[in-house]
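K.L.:
Encoded as structure tokens, here's the structure I'll be asking about.
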Amino acid sequence: MDIILFGPPGAGKGTQAQKLSQKYRIPQISTGDILRANVKEGTALGLEAKKYMDAGELVPDAVLIGIIKNRLLEADCANGFLLDGYPRTIPQADALTVILDEIKKPIDAVINIIVPTDILIERLSGRWMCSCGASHHIVFNPPKSEGICDTCGGTLFQRPDDTSDAVSNRLDVYQKQTAPLVDYYKKKNLLKDVDGTKDIDAVFANIDTLVAPFK
Ligand code: ADP
Ligand code: AMP
């Protein structure tokens, strides 16, 4: 099962990727999580990426293509993977096709999670993340204990790029640089639209029906 979870910031890609990862035992590959881990560790990559991330801009394609290539070659991807936050530009999607052709693992489906802008803003402003990839929300998906991740017991944090200035830039960047991938994958007959406004379990049930045939 080789799946791309696609959609604007706040659509629910990470939330759904984590649920699919638990059900199908394949890794959630979130480029945002990989970049944030590098920022936290203070690696050269993290220092380079931080200035783009804080401003809500995309990190340059060459950096992302290198990250994703290395990650997809790791052993745990042999039975499938869930891409969350990659690709975000046409050059990233082209590079992905080349990498997957080489390892003979074509994409099975691109799940396009559709959510209107006002709801995205509401979700991002109340989001509390965990470094394990889980996302909570103060109203829509509160943790059982305040500030503690339900999945791993880690400490939840608010992302510096979930502040209002960075959010509005990220939504613009999505429209300009990432939304063209909708047509790109539609032409390849891979795109499957999902209504992302329903509650988390209803969205999951819908996505699960779409991906189950690729098990
Ligand atoms: P993305 O990975 O696409 O940026 P997340 O999965 O982090 O989005 O979700 C953004 C926020 O919205 C989180 O706080 C999450 O708990 C919440 N959320 C996700 N899916 C839903 C949903 N279907 N209904 C309500 N809130 C949701
Ligand atoms: P996310 O966690 O997916 O919302 O990503 C957070 C930030 O990391 C984005 O706003 C970008 O700055 C950067 N990022 C994550 N994935 C990519 C990508 N595929 N291409 C470029 N930048 C990315």
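K.L.:
Pick out which of 205, 17, 78 has the largest mean-square fluctuation in a Gaussian network model of the chain, springs linking Cα atoms closer than 10 Å.
P.N.:
So, out of 205, 17, 78, the one fluctuating most is 205.
K.L.:
Note down the relative contact order for the chain as a percent, whole number, built from C-alpha pairs under 8 angstrom at least six residues apart. The partial results should precede the final answer.
P.N.:
Values: 307 pairs, mean separation 67.4, N = 215.
After rounding, I find 31 percent.
K.L.:
Additional query: Tell me, what is the Rg over Rh of the chain, with Rh the Kirkwood radius over Cα pairs?
P.N.:
On the way: Rg = 16.2 Å, Rh = 17.5 Å.
Across the chain, the Cα-based Rg/Rh ratio is 0.93.
K.L.:
Rounded to the nearest 500 deg cm²/dmol, what is the calculated helix-only ellipticity per residue at 222 nm for the chain, with -39500 (n - 2.57) per DSSP H run of length n ≥ 4?
P.N.:
About -14000 deg cm²/dmol.
K.L.:
Over the stretch 104-214, what portion of Cα pair distances is larger than 20 Å, expressed as a whole percent? Don't skip to the answer; put the middle values down first.
P.N.:
Working: 3302 of 6105 pairs.
So the pairs more than 20 Å apart make up 54 percent of the total in the stretch 104-214.
K.L.:
Number of Lys pairs in the stretch 21-127 with C-alpha atoms less than 14 angstrom apart, excluding same-chain neighbours closer than eight positions? If you can, show how the numbers build up before the last one.
P.N.:
Values: 40/50; 40/51; 69/104; 69/105.
So the count works out to 4.
K.L.:
Also: In the chain, what cysteines have no partner Cβ closer than 4.7 Å?
P.N.:
Among the cysteines of the chain, those whose Cβ sits 4.7 Å or more from every other are 77.
K.L.:
Same structure, new question: Multiplying the sequence separation of residue 152 and residue 198 by 0.36 nm and subtracting their Cα-Cα distance, what value in nm do you get?
P.N.:
14.0 nm is the gain from fully extending residue 152 to residue 198.
K.L.:
Within the accessible area of the chain, what % is carbon and sulfur when the probe is 1.4 Å and the other protein chains stay in place? Please list the in-between numbers first.
P.N.:
Values: 5710 of 10530 Å².
Carbon and sulfur together cover 54 percent of it.
K.L.:
Have a look at 121, 107, 138 and tell me which one the Gaussian network model of the chain (Cα, springs below 10 Å) gives the largest fluctuation.
P.N.:
138
K.L.:
When Lys and Arg each count +1 and Asp and Glu each count -1, what net charge do the other residues less than 13 Å away from residue 211, Cβ to Cβ, add up to?
P.N.:
+1
The values are calculated or read from the model by the stated rules, or taken from the named source; none is laboratory data. What you see is a predicted model; the values in this text were computed from it and never measured. In this analysis, Cβ positions are derived from the backbone assuming ideal geometry, glycine residues included, and neighbour counts consider all displayed protein chains. Quick note on the areas: whole protein, heavy atoms, side chains included, nothing else; ligands and nucleic acids left out. Shrake-Rupley method; radii C 1.70, N 1.55, O 1.52, S 1.80 Å.
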